[in-house]
């Protein structure tokens with residue numbers, strides 16, 4: 001039997017990862033592919049928590065251009081993550097995977113409130129837990145949510161699944177054909193070189209709690225399983241490279 005390298009993970013999905021090539025909303029084929037890949041690693045006995053962004057539905061930048069208050073724009077983004085989380089829950093349950101959505105903003109009619117001990121118990125029972133609504137506070141990204149929840153539930157790694165890039169590069173590979181991909185990085189190197197993988201708050205949380213981060217492409221079918229098995233894909237970021 002194939003043995004997973006990690007027993008408890010946080011899978012970080014950007015909202016854009018759910019939109020596929022259309023760039024907005026939710027692409028049914030894409031979310032079904034992600035659900036199938038999550039099912040594959042669940043069947044390995046891996047305990048899976050998921051944090052999903054909301055950029056496919058709402059981006060704070062749009063709010064800024066409208067002159068909207070930053071906190072209100074961020075709260076709208078949190079609600080967008082709840083919509084994505086419920087859609088992902090439905091796809092997972094259609095695959096036969098028992099799933100719970102926990103939100104940082106209480107909305108008991110649609111999801112459980114986030115309770116750390118309850119989340120850990122769900123994971124121990126091999127239920128997939130989706131953490132929605134960010135941290136519940138404006139000014140914090142879903143990257144920070146992933147780092148915070150990973151620390152709280154003692155996850156061994158954060159798998160950051162991207163839909164448009166297969167790792168971390170010295171520059172934007174779409175704009176610079178000479179950009180080189182990193183196989184490994186330290187958090188300090190990532191911050192010093194301003195590589196834009198995740199914001200400084202999230203990076204500091206990961207670094208302080210010694211949580212490795214693997215950045216890889218979710219566009220290629222089966223990559224989530226390859227990441228969990230410890231195959232050499234994407235870019236691994238650690239506290240000390």
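Taking the alpha-carbon centroid of each part, what is the distance from the stretch 168-189 to the stretch 112-133 in angstrom?
First find each Cα centre; the distance between them is then 34 Å.
Rounded to the nearest 500, what is the chain's calculated 222 nm mean residue ellipticity when only DSSP H runs of at least 4 contribute -39500 (n - 2.57) each, over all residues? Kindly include the intermediate steps, with their values, before the conclusion.
Working: 9 runs with 93 residues, N = 241.
Calculated at 222 nm, the ellipticity per residue is -11500 deg cm²/dmol.
Would you mind ranking 117, 5 by Cβ crowding within 10 Å, fewest neighbours first? Could the numbers behind the result be given before it?
Working: 117 9, 5 13.
Arranged by neighbour count, lowest to highest, 117, 5 become 117, 5.
Would the chain count as rounded, prolate or oblate if I go by the C-alpha gyration tensor, calling it rounded below 1.5 in a/c and otherwise prolate when a/b exceeds b/c, oblate otherwise? All intermediate terms of the calculation are to be shown ahead of the outcome.
On the way: a/c = 1.32, a/b = 1.05, b/c = 1.26.
Since a/c stays below 1.5, the shape of the chain is classed as rounded.
Counting DSSP beta bridges with both partners in the chain, what percentage is antiparallel, nearest 5? Walk me through the numbers before you get to the answer.
Values: 5 of 34 bridges.
Bridges in the chain are about 15 percent antiparallel.
With a cut-off of 8 Å between alpha carbons and a minimum separation of six or more residues, what is the relative contact order of the stretch 67-156 in percent?
Values: 106 pairs, mean separation 28.2, N = 90.
About 31 percent, as a whole number.
Out of 201, 135, 170, any idea which swings most in a Gaussian network model of the chain, alpha carbons joined below 10 Å?
Looking only at 201, 135, 170, the biggest GNM fluctuation is shown by 170.
List the relative contact order of the chain as a percent without decimals, with contacts defined as Cα pairs under 8 Å and 6+ residues apart.
Working: 486 pairs, mean separation 55.1, N = 241.
The normalised contact order for the chain reaches 23 percent.
Rounded to the nearest 0.05, what FRET efficiency is calculated for residue 86 and residue 124 with R0 set to 30 Å and r the Cβ-Cβ distance? Let's see the in-between values first.
Working: r = 23 Å, r/R0 = 0.78.
That pair, residue 86 with residue 124, gives E of 0.80.
For the stretch 10-127, what does the alpha-carbon gyration tensor say about shape, rounded, prolate or oblate, given a ≥ b ≥ c as the root eigenvalues, a/c under 1.5 as rounded, and a/b over b/c as prolate? Mind showing how you got there, number by number?
Details: a/c = 2.54, a/b = 1.42, b/c = 1.79.
Since a/c reaches 1.5 but b/c is at least a/b, the shape of the stretch 10-127 is classed as oblate.
If you build the convex hull over the alpha carbons only and average its shadow over all orientations, what do you get for the stretch 38-103? Give it in nm² to one decimal.
On the way: hull surface 19.4 nm².
Averaged projected area of the stretch 38-103's Cα convex hull equals 4.9 nm².
Taking the Cα-to-Cβ direction at residue 94 and at residue 22 and moving 7 Å from each Cα, how far apart do the two end points lie in nm?
Going by the 7 Å Cα→Cβ label model, 1.3 nm.
Pairs of Cα atoms under 8 Å, at least six residues apart: use those to get the relative contact order of the stretch 33-82, whole percent.
On the way: 27 pairs, mean separation 18.1, N = 50.
Reported as a whole number, the value is 36 percent.
Please sort 52-59, 176-183 by packing, taking for each peptide the average over its residues of neighbouring beta carbons within 10 angstrom, highest first. Kindly include the intermediate steps, with their values, before the conclusion.
On the way: 52-59: 23.2, 176-183: 11.4.
Top to bottom by mean Cβ count within 10 Å: 52-59, 176-183.
Between 161, 227, 171, which gets the highest mean-square fluctuation from a Gaussian network model of the chain, Cα cutoff 10 Å?
Greatest mean-square fluctuation among the candidates belongs to 171.
Please work out whether the stretch 75-131 counts as rounded, prolate or oblate from its C-alpha gyration tensor, where a ≥ b ≥ c are the square roots of the eigenvalues and a/c under 1.5 means rounded, while otherwise a/b larger than b/c means prolate and anything else oblate? Show your work: numbers first, answer last.
On the way: a/c = 2.37, a/b = 1.21, b/c = 1.96.
It is oblate, given that a/c is not under 1.5 and a/b is not larger than b/c.
Highest mean first, what order results for 141-148, 203-210 on Cβ atoms within 10 Å? Before the final figure, lay out each step's value.
Values: 141-148: 25.6, 203-210: 17.5.
Packing order, densest peptide first, comes out as 141-148, 203-210.
Taken together, the values in this text are just the output of simple stated rules run on the coordinates, not laboratory data. Predicted model only: the values in this text are computed from it and were never measured. Neighbour counts run over all protein chains shown; Cβ positions are idealised from the backbone, glycine included.
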